[in-house]
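Structure first, commentary second.
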Amino acid sequence: MLGQSKKAFGFLELILVLALLGLVAWMILPHLNPLNSKLDTAAKRLILYLQQTRYQAMLNNPYSSDDALWHKKRWTLKFLNCTNESDGLYYAIYSDTNKTGQIAKDETLKDPLTQKYIYNNNQCEKRKDRSAFTLLTKEFGITEVKISCNDTSTIGQLSFGYDGKLYSRLSILEYDSDAYLVDKPCNIRLSNGKQSRTIVVEPITGYIHFQ
C-alpha cells in the first residue's frame, strides 16, 4: 500500500510539474518569437484603441436636427494603405467634424497612455507626436487586415454611434444615419504572413475581445 501511495504521489507531482512547465512556456513563448510578440502587442493596443473609440463616441453625440449629415461625424477607426507599397498598412481614429472625408490630425484621438495622436497619413512616417501603433506594417510586420463586416471598397473601417452601436461605414446620403448598422459579430483579422490574431467586436454590447 505504501508503495502504491508513493507511486500515486509521484504521478501527481509529474502532472503538476508538466502543467507548470506548460504555463511558463505559454507565458514566455511570444517573447522568444519576435514576430509573435509584435503581433500580440499590436493586437492588444488595437483592442484598447477600439474600446477608446467606442467610449469617445458615447461621450460625444454628434446629432443635430439642423444637420442632415450629422452621422458622418461618428468616431471611426479606419485602416488604410501607405503610398509606398513596401510601407504597408496603417490606421487612424477620427471624427470627421468638417465632413470632408479627409482625416486631419486635429480631428483624431490621442493615445490615453502616451498622449500621442492616433493618426498617420499615407506617407506612413514615424513622428514624435504620432502613435507608432498606427504603423501596422513598418512597426509590427502586419501585412494583412481582414474585416468580416467590411462594406467599403477599401480595407475597411469601424464606426460607433453615441449609443455604442457598431457601423461598418458612414453613409454619404442625407438623413441616412441608420445605414450600415452591424447586427452580427465583426471579426478583425491581423496577419504577419505566418501567424494571425483575430479581434471580435460584438454588435449589441460593444464588447471587444480576442477570438
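The values are calculated or read from the model by the stated rules, or taken from the named source; none is laboratory data. All values reported here derive from a predicted model rather than from experimental measurement. As a convention, Cβ positions derive from the backbone with ideal geometry for all residues, glycine included, and neighbour counts pool all protein chains shown.
Summary table below
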| read-out | value |
| --- | --- |
| Any hit, region 50-70, residues being surrounded by fewer than 18 Cβ atoms within 10 Å (Cβ to Cβ), among the hydrophobic types (A, V, I, L, M, F, W, C), under 14 Å from L166 (Cα atoms) and in contact (Cβ under 8 Å) with a residue 12 or more places away in the chain | yes |
| Meets criteria (within 17 Å of T53 (Cα to Cα), crowded, with 19+ Cβ neighbours inside 10 Å, under 15 Å from the mean Cα position of the chain (by Cα) and of a type in the set (D, E)) for D111 | yes |
| Hits in region 30-58 - residues which are part of a helix (DSSP H, G or I) and modelled with pLDDT under 95 | P30, H31, L32, P34, L35, N36, S37 |
| Some residue of region 161-178 being under 22 Å from E107 (Cα atoms) and not in a loop (DSSP other than H, G, I, E, B) | yes |
| Number of positions in region 86-112 that are under 20 Å from L39 (Cα atoms) and either out of contact with any helix residue (DSSP H, G or I) (no Cβ under 8 Å at 6 or more places or on another chain) or of a type in the set (S, T, N, Q) (or both) | 1 |
| Residue within region 69-87 that is under 23 Å from I208 (Cα atoms) and among the small types (G, A, S) present | no |
| Candidates L136, L170, L166 - the one that is touching a Pro at 6+ places or on another chain (Cβ under 8 Å) and crowded, with 20+ Cβ neighbours inside 10 Å | L166 |
| Search result, residues across region 195-204 that are part of a loop (DSSP other than H, G, I, E, B) and under 20 Å from Q157 (Cβ atoms) | E202, P203, I204 |
| Residues of region 202-211 satisfying the condition of being touching a Pro at 6+ places or on another chain (Cβ under 7 Å) and of a type outside the set (D, E) | P203 |
